[in-house]
Amino acid sequence: LLEAGDFSHWHRVDAAEVWHFYAGAPLSLSLSPNGHDAEAHLLGPEILAGQRPQIVVPAGWWQCATSMGAFTLVGCTVAPGFRFEGFEMAPPDWRPTPRRPA
């Protein structure tokens with residue numbers, strides 16, 4: 001459950017993770033495969049508006065999430081199973097750094 005103002009900080013795990021939307025406001029889930037490029041996805045019930053009921057985050061990708069309203073109820077499935085040894089939390093002020101054009 002993420003309430004208004006809550007934020008799942010940038011982190012990554014060493015296994016694929018499926019985020020499932022259950023109830024409440026849409027969830028903004030930002031993903032970065034490499035710590036530079038990032039893209040936001042909306043999980044929610046309004047499929048025709050571009051929201052998704054679930055999304056797969058590949059192993060090793062950076063991710064963060066925030067509710068777009070009063071609350072969002074989501075769940076996560078990790079396979080193979082979650083292990084704290086495979087979890088990495090980014091420093092509090094970290095976010096993907098866009099690359100400069102060559």
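Give segment 8-20 a look and list any residue that's within 14 Å of Trp62 (Cα to Cα) and within 13 Å of the chain's Cα centre (by Cα), or say none. Quick ask: steps written out before the conclusion?
First, the residues of segment 8-20 that are within 14 Å of Trp62 (Cα to Cα): 8-19.
Listed by number, the residues that qualify are Ser8, His9, Trp10, His11, Arg12, Val13, Ala16, Glu17, Val18, Trp19.
Tell me which strands (runs of 3 or more DSSP E) are completely within the chain and hold 2 or more residues being surrounded by 15 or more Cβ atoms within 10 Å (Cβ to Cβ) and modelled with pLDDT of 95 or more, or say none if there are none.
The strands (runs of 3 or more DSSP E) meeting that bar are 7-13, 16-24, 27-32, 39-43, 54-57, 62-67, 71-79.
Can you pull out every residue in segment 57-76 that is over 9 Å from the mean Cα position of the chain (by Cα) and over 13 Å from Gly44 (Cβ atoms)?
If the condition is that a residue be over 9 Å from the mean Cα position of the chain (by Cα) and over 13 Å from Gly44 (Cβ atoms), then Pro58, Ala59, Gly60, Trp61, Ala70, Gly75, Cys76 are the ones that fit.
The values are calculated or read from the model by the stated rules, or taken from the named source; none is laboratory data. This structure is a prediction, so every number in the text was calculated from the model and none was measured. Quick reminder, even Gly has a Cβ in these numbers, built from the backbone with ideal geometry, and neighbours come from all protein chains shown.
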